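The values are calculated or read from the model by the stated rules, or taken from the named source; none is laboratory data. Predicted model only: the values in this text are computed from it and were never measured. Positions of Cβ are generated from backbone atoms using ideal geometry, with glycine treated the same way; all protein chains shown enter the neighbour counts. Accessible surface is based on the protein model in full, side chains and every heavy atom, while ligands, DNA and RNA are left aside. Shrake-Rupley method; radii C 1.70, N 1.55, O 1.52, S 1.80 Å.
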There are 2 protein chains.
Amino acid sequence: MLKLTKRADYGLIALKHLATQERRANGSGEVGATTKEIAELYRIPVPHLAKVLQKLVREGFLRSAQGSNGGYRLAKEASQINALEVIRVFDGPVILTSCFTDHGGSCEQSERCNVREPLRKIHEGILGLLASITIADMASDDPLAHQPLVKLYAKPGAASEVHQGDSEQAIQRVHDDAVSGPLGRNLTGQRREELREC
Amino acid sequence: MLKLTKRADYGLIALKHLATQERRANGSGEVGATTKEIAELYRIPVPHLAKVLQKLVREGFLRSAQGSNGGYRLAKEASQINALEVIRVFDGPVILTSCFTDHGGSCEQSERCNVREPLRKIHEGILGLLASITIADMASDDPLAHQPLVKLYAKPGAASEVHQGDSEQAIQRVHDDAVSGPLGRNLTGQRREELREC
DNA sequence: GGAAATAGGACAAGACTAGTCCGGTTTCAT
DNA sequence: ATGAAACCGGACTAGTCTTGTCCTATTTCC
């Protein structure tokens with residue numbers, strides 16, 4: 001289905017939450033939040049979130065404090081954690097076609113197939129996008145006010161009919177941006193509202 | 001695992017193959033290739049590929065001819081079919097978090113959660129990338145000679161440590177491009193070779 | 001010593017993926 | 001007509017992945 005797993009989703013949510021709790025977790029070693037707090041706030045099953053947080057500790061994104069008054073805090077600056085790192089922890093490598101990584105050069109389908117090179121370019125673009133956003137970006141108050149992340153150059157003449165339910169406007173926006181400016185600018189309040197479903 | 005399914009992969013491969021067989025399939029209604037031909041060429045199980053091709057017919061990407069001497073040809077211009085459309089046929093909607101589309105406004109986790117807006121921006125970028133490449137692009141001889149698809153602006157100070165096996169160079173390349181130019185330029189022959197695993 | 005919290009292994013239901021199997025239909029060539 | 005070649009499409013299966021739950025430690029504070 002080409003989507004993030006809940007685990008990755010929960011991981012990002014938790015990291016972002018902890019990034020906004022840093023005041024509680026300044027130098028003295030205090031924790032930002034407990035599993036229970038985060039789970040209740042975001043309606044995540046407690047034991048499941050616990051697994052996610054434990055994994056984030058093992059991978060070096062979080063530091064934990066055991067015992068009562070325990071909890072979690074970020075192990076590094078929120079600006080030094082990007083979405084790709086987190087997603088890879090939970091979902092494994094991000095790959096478009098298995099051919100990119102599955103084997104050591106013994107691709108059965110490769111000789112005649114040149115689907116791969118163009119897809120690889122897309123693949124790199126996706127990795128770049130994911131790597132370019134940090135937890136700090138997510139934690140700031142108005143994400144739409146951010147610097148543009150990506151500027152898409154739609155090729156003239158390329159197929160541009162895109163219909164995917166409510167993300168139609170989103171694509172249209174990307175296409176607009178190719179002409180009128182970077183992502184996030186030139187948006188009226190109303191169009192911003194259209195993009196907010198959740 | 002955030003990857004395309006084999007079905008989508010096979011679909012793209014088949015479409016790309018048929019796009020290069022257009023000479024056999026000019027106006028007279030001749031077909032470009034049969035299931036068996038494509039399956040053998042790319043080492044895909046015949047019955048499985050058949051399903052994929054049948055679906056592409058139902059979705060309007062291919063036209064089929066039954067009976068002996070039958071087969072498939074593109075139903076529209078290769079330049080009018082983009083990768084996103086094809087991927088959506090097989091893998092369903094491309095969504096980063098289920099929250100984008102799952103519900104009609106009743107997101108349990110939404111009130112306090114602002115992970116979504118930044119992710120949505122990434123999501124739009126990915127859709128834009130996928131929508132910007134067409135079957136015609138894939139079918140041309142040297143994909144690396146293409147116009148740049150995307151130009152990434154890495155934010156200064158953003159986390160840039162990215163390690164994912166062999167795609168490390170890929171990311172590095174994206175980052176280089178943020179400084180030195182669009183994707184695909186400034187590549188020595190050797191670095192091109194590094195990117196080709198398959 | 002008890003409460004609160006993290007740590008982590010085992011396990012299970014359900015969904016999805018990849019692929020097989022089989023019977024049917026259409027069309028062409030002989 | 002008849003058979004071969006090809007498309008059509010539903011049913012099924014083995015395996016894997018996802019999303020949890022459950023239970024038992026272990027640590028730390030009061």
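Annotations
- Subset of the range A:75-96 [within 15 Å of DNA strand C (Cβ to nearest atom) and crowded, with 23+ Cβ neighbours inside 10 Å]: A:Leu96
- Hits in the range B:19-36 (condition: assigned to a helix (DSSP H, G or I), at pLDDT 95 or above and open to solvent by less than 80 Å² (accessible area, probe 1.4 Å)): B:Thr35
- Hits in the range A:56-70 (condition: in contact (Cβ under 8 Å) with a residue 40 or more places away in the chain, within 9 Å of DNA strand C (Cβ to nearest atom) and in contact with a Lys or Arg (Cβ under 8 Å, 6 or more places away or on another chain)): A:Leu62
- The number of residues in the range B:37-55 that are within 13 Å of DNA strand C (Cβ to nearest atom) and either more than 14 Å from chain A (Cβ to nearest Cβ) or in contact with a helix residue (DSSP H, G or I) (Cβ under 6 Å, 6 or more places away or on another chain) (or both) comes to 12.
- Residue within the range A:74-93 that is more than 12 Å from every other protein chain (Cβ to nearest Cβ) and at pLDDT 95 or above present: yes
- Filtered by the rule that a residue be more than 18 Å from B:Asp9 (Cβ to Cβ), hydrophobic (A, V, I, L, M, F, W, C) and either touching a Phe, Trp or Tyr at 6+ places or on another chain (Cβ under 6 Å) or surrounded by 21 or more Cβ atoms within 10 Å (Cβ to Cβ) (or both), the range B:37-73 gives no residues.
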